[in-house]
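The values are calculated or read from the model by the stated rules, or taken from the named source; none is laboratory data. All figures in this text were calculated on a predicted structure; none of them were measured in a lab. Methodologically, a virtual Cβ is constructed for each residue, glycine included, from the backbone with ideal geometry; neighbour enumeration extends over all protein chains shown. Quick note on the areas: whole protein, heavy atoms, side chains included, nothing else; ligands and nucleic acids left out. Shrake-Rupley method; radii C 1.70, N 1.55, O 1.52, S 1.80 Å.
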Amino acid sequence: TDLRPLDILSEAVPAGGLARGMRVFQVQGVRGFQLSASRPRALGFPASRLFIHCDRFPEEFSIIVTLRVLRVPAKRNEYIFTLMVEESPSVLVGLRYAPDKLHFLFWSQERAGGWQTRVTFPNVSLSDNQWHTLILAVSGQSFSLTVDCSIPKDVVVETPFPASLSVRRASFYLGSRRRRKGVFTGLLRQLVLLPGADATPRICHAVNFKVATLSVPSVLQDVPAKPVSNEVLKYPYETDMKVTLGARPRCSKQEKAQFWFNTSRRGLYLCNGSTWVSMLEVQHRLDYVEQYQNLVTNSETMGIEVFTIPKVGLFAAMANRVTPPGSAIYRWSEGKFVHYQNIPTYQAQSWKYFTIGKKIFLAVANFEQNERGQEFSVIYKWSRRKAKFITYQRISTHSARDWEAFVIEGEAFLAVVNHREGNNHNIDSVIYRWNPRTGLFETNQTIPTSGAYDWEFFTIGPYSFLAVANTFNGTSTKIYSHIYIWLSGSFQLFQSILTFGAADWEVFHIGDRVFLAVANSHSYDSGMPAPSNFYAINSSIYELNITAQMFVKFQDLLTYSALDWEFFSVGDDSFLVVANSFDGFTFSVNSIIYRWQGYEGFVAAHHLPTVGCRDWEAFHTAEGSYLFYSSAKEPLSKVLKLKTT
C-alpha cells in the first residue's frame, strides 16, 4: 500500500446523493450520518473498491473514527463497522461499542478452522452526548486506543493480528454486522483506515481533538456546496427543530432539544431538559457596574463559592471568619440572595462545590481548631430528603486555605492547601483520591508547599495540570510557585514561576490562547532592606507558549495586595477583575476590572470601591450577569450588576 488514507465512510456514500438508510444530522455544529436499522445491507460495499491492487488486509494499520454515541443499554453491543465474507456470518474485522467498553474483532486463520479474537479496551466512556475521535493502532500483538488524543490505552494479546488476512469476496458494512441486531444508533462522521502507520501524530495536532479529521465525506464538511440560482442545497441535513416564539415557555424533558426565540432579547435558546441555554443572541457590551445588593454576613468573609444545584436553585456559600455562628449558605430567590443554612466552621477560608455521579458535595477549608482542639476540614453532602448540606467526611488539615476538585481519566480527586503547621510554613499539601468502594476520599499524593494559599486545576488538550500559589517560606514571600503535570498516575513538576506572596492562580482561555494569572499579595524578605511599599506590587499574566512548552510572561499589572483574580465574559468581550485588599495605608482600595484589548493586553476599564476585598465570583441568572465580592474586613459583601448596551 502507499499509505494513503482509505475513507470507508466516503466509499459508502454514492456520488451525488446519500445511500438508502442514511440521513445527515447536525449536532453541536458538527454533521454526522445516522444509519437506519431497517436496511443494514444497503450500507455496505465490496472491499475490492478500497483494496484495488491487493486483496490482503494490511498487517499494520490505524482505524480513525469520529462519532457521537447515544446511551447504550446494559448488555447491548453496537457495531461501528464490520468486514465480512458474503457467505459467512463471521466477522473478519470489526469494531463494536458496549457500555464503557470498546471491542476490536478480527478473524485469525492461523488456527485450524479459524478463530474469532476479541481485543477489549475497558473504561472507554463515550455516552456523554459529545463528539469523540478514536484512533485504534494495530501492530502484531500490540493494540493501542487513543480517545480524543488523550494518553493511549495499550493492550497486548496472545494472538497477533494476521499477517495475511484475505478480503476476497468480503464487504464492508457501516454500523452493523449485516443484521438489524446491534446496529449503531449514534452519529458517524469519520471512518478511515490508514495502512502501515499510527495515525495519532497526523490527527493530534488539531485545536479540537474531539472532531479532529483525516478524511470526511464532502456531505459532512462544514461548508455545503453553494446552490446555483434557485437550486436547493445538494446535501440537505436535518435538525428535528421546533421553535417557540414569545414569552419564556416551560423547559423539561418533554421539551428537550426544542428551541425558543426570545423576541424581546432577540436570542435563540435551546432546552437541555431543565433550563434554556443561549445559542444565539445579540451580543451585549459592558457599559457600567451598579450596586445591586448589600448582603450582611455572619462575620468577615474570606471566600465565596457560587454554585447551582440542579432542580433546586442557585446558591452562594460564604466562608465566614468567626465561630460561632460559623458560615452561611444563601439561596437566590426573587432576584436576591436570602439566608438558607448555617454550618459550623472554624475561621473558614474557602468553599468548594463539586459532584461525583449524582452525589453533590461542598467542602470547607477550616483555618483553626474546633472547640476540642481538633483541626479538621469537612466535606458536606447535599441531602435531597432534608434539602440541606449534612456532614459527610472530616479530613485532618493544617491551617487549610483552599480546596480544589477535579477529575482525571474518570477518577475524582480533591486537593487541599495546607498553609502552615504551627510556625512551620514548609509543609505538605495533600491530594486525595475518591474510593468508589468505600465512598470516601483517601490520600493519593503529597506535594511540598510553602505557606500555600491556592490550588488551580486546568487541562490543555489531553494533559492535566495543577498550579499551587506558594506565599511564604518563613523568611520571604519572594519564592517560586509551581505548576505540576499529571504523568503516569501522579503530579510531577512542570514549571516553576517566581512569585511574591502569591495568593491566587486563575486560568482562562481567549480564543485558542491559554493564560494563567497570579495575584501577588506582598513583597517581604527578612534578609533584604524593606521596600517603600510592601503591598504595591505587580501581579502577572502568563501565556502558554506551545513551542517552548511553558508559560511565559505576557503582562504585568500594578495591584495592591492582590488576593484574587476572576475571569468573566460579556458578549464577545473578556474581562479580569482583581481583588485589591490593602495599599499599605488603608483597606479602602479600588478593585479594578480590566478589559481584554487584544494587542494592548488587559486595560483598566472600571474602578470599583471595595473594603478589604478578598474574593470575586461572577455568575449569571435569567435576569442578567453579576459580580459578587467578599470583604475580609467587614461583615458586608456586595452583589454588583453588570449593565450592558
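Points worth noting:
- Qualifying trypsin sites (Lys or Arg not before Pro) in region 292-357, DSSP loop, other Cβ atoms within 10 Å at most 13: LYS311
- Extension reserve of the SER526-ARG168 stretch, reckoned as 0.36 nm per residue once the Cα distance is removed: 120.8 nm
- Taking all protein chains into account, the per residue accessible area for the chain stands at 46 Å² (1.4 Å probe).
- Using the alpha carbons alone, the radius of gyration of the chain stands to its Kirkwood radius in an Rg to Rh ratio of 1.02.
- Modelled label positions at ARG437 and VAL603, each set 7 Å beyond Cα in the direction of Cβ, lie 6.0 nm from each other.
- Projected label distance in nm at ASP556 and LEU493, using a 7 Å step from Cα toward the beta-carbon: 2.5 nm
- Derived scalar couplings between HN and Hα for region 544-560 equal 6, 9, 4, 5, 7, 6, 7, 8, 10, 5, 9, 7, 9, 10, 5, 10, 10 Hz in order, rounded to whole Hz, by the Karplus curve 6.51 cos²θ - 1.76 cosθ + 1.60 (θ = phi - 60°), x for Gly and Pro.
- Positive-end extreme of charge dipole, the chain - chosen from SER150, THR621, LEU187 (charges on Cβ): LEU187
- Above-threshold pairs, the threshold being 28 Å between Cα atoms, out of LYS553/LYS643; LYS75/LYS311; LYS210/LYS388; LYS358/LYS643; LYS181/LYS358; LYS478/LYS553: LYS553/LYS643; LYS75/LYS311; LYS210/LYS388; LYS358/LYS643; LYS181/LYS358
- Computed about its Cα centre, the charge dipole of region 6-220 is approximately 1000 debye, with only Lys, Arg, Asp and Glu carrying charge at their Cβ.
- Potential extension, ASP55-SER333 segment - 0.36 nm per residue separation minus Cα distance: 93.1 nm
- Compactness index (Cα Rg / 2.2 N^0.38 Å), region 360-450: 1.13
- Value of Rg to Rh for region 6-220 (Rh from inverse mean 1/r over Cα pairs, i.e. Kirkwood): 0.93
- Computed magnitude of the charge dipole of region 525-645 (debye, nearest 20; Cβ of K, R +1, Cβ of D, E -1): 220 debye
- Sorting GLU543, GLU411 by accessible area puts them as GLU411, GLU543; the probe is 1.4 Å, largest comes first, and only protein heavy atoms count.
- If you plug the beta carbon distance of HIS620 and ASN77 into 1/(1 + (r/R0)^6) with R0 = 41 Å, you get a FRET efficiency near 0.45.
- Straight-distance crosslink candidates among aspartates and glutamates, where the alpha carbon sits under 20 Å from LYS641 and sequence neighbours closer than 8 are dropped: GLU281, ASP287, GLU290, GLU305, GLU334, ASP564, GLU566, ASP572, ASP573, ASP615, GLU617, GLU623
- Taking the charge dipole of region 286-644 about its Cα centre, with +1 at Lys and Arg Cβ atoms and -1 at Asp and Glu Cβ atoms, the residue from PHE554, PRO436, GLN369 reaching farthest to the positive side is PRO436.
- Here the 3J(HN,Hα) profile of region 156-171, calculated from phi with Karplus coefficients 6.51, -1.76 and 1.60 at θ = phi - 60°, is 10, 10, 6, 8, x, 5, x, 6, 9, 9, 6, 10, 5, 6, 9, 9 Hz, Gly and Pro shown as x.
- If R0 is 41 Å, the Cβ-Cβ spacing of ASN426 and SER588 corresponds to a FRET efficiency of close to 0.75.
- Cross-link partners of LYS359 among aspartates and glutamates (Cα-Cα below 16 Å; sequence separation of 8 or more within a chain): GLU411
- Using Cβ point charges alone (K and R +1, D and E -1), the dipole size of the chain about the Cα centre works out to roughly 3240 debye.
- Sorted largest first by accessible area at a 1.4 angstrom probe radius, with every protein chain in place, the residues MET279, MET302, MET550, MET84 fall in the order MET279, MET550, MET302, MET84.
- Loop-located trypsin sites (Lys or Arg not before Pro) in region 413-491 (DSSP state other than H, G, I, E, B) with a sparse environment of at most 12 neighbouring Cβ atoms within 10 Å: ARG437.
- Over the chain, Cα pairs under 8 Å with separation of 6+ residues give a relative contact order of 9 percent.
- Percent accessible area from carbon and sulfur atoms, the chain, protein chains only, probe 1.4 Å: 50 percent
- Fully extended contour minus Cα-Cα distance, from THR645 to ARG384, at 0.36 nm per residue: 89.9 nm
- Furthest towards positive pole of dipole, SER327, PRO160, SER399, structure part the chain, Cβ charges: PRO160
- Model label zone, ALA42; criterion: amide N under 18 Å from point 7 Å along Cα-to-beta-carbon; scope region 184-205: 184-188
- Computed E for GLU371/LYS181 - FRET, C-beta separation, R0 56 angstrom, nearest 0.05: 0.30
- In region 565-645, the GluC sites (Glu not before Pro) that fall in loop regions by DSSP, at most 12 other Cβ within 10 Å: GLU623
- Helix-derived mean residue ellipticity, 222 nm - over the chain, DSSP H n ≥ 4, -39500 (n - 2.57), to 500: 0 deg cm²/dmol
- Residues in region 143-185 reached by a label modelled at TRP115 [backbone nitrogen below 19 Å; 7 Å Cα→Cβ]: 143, 155-166
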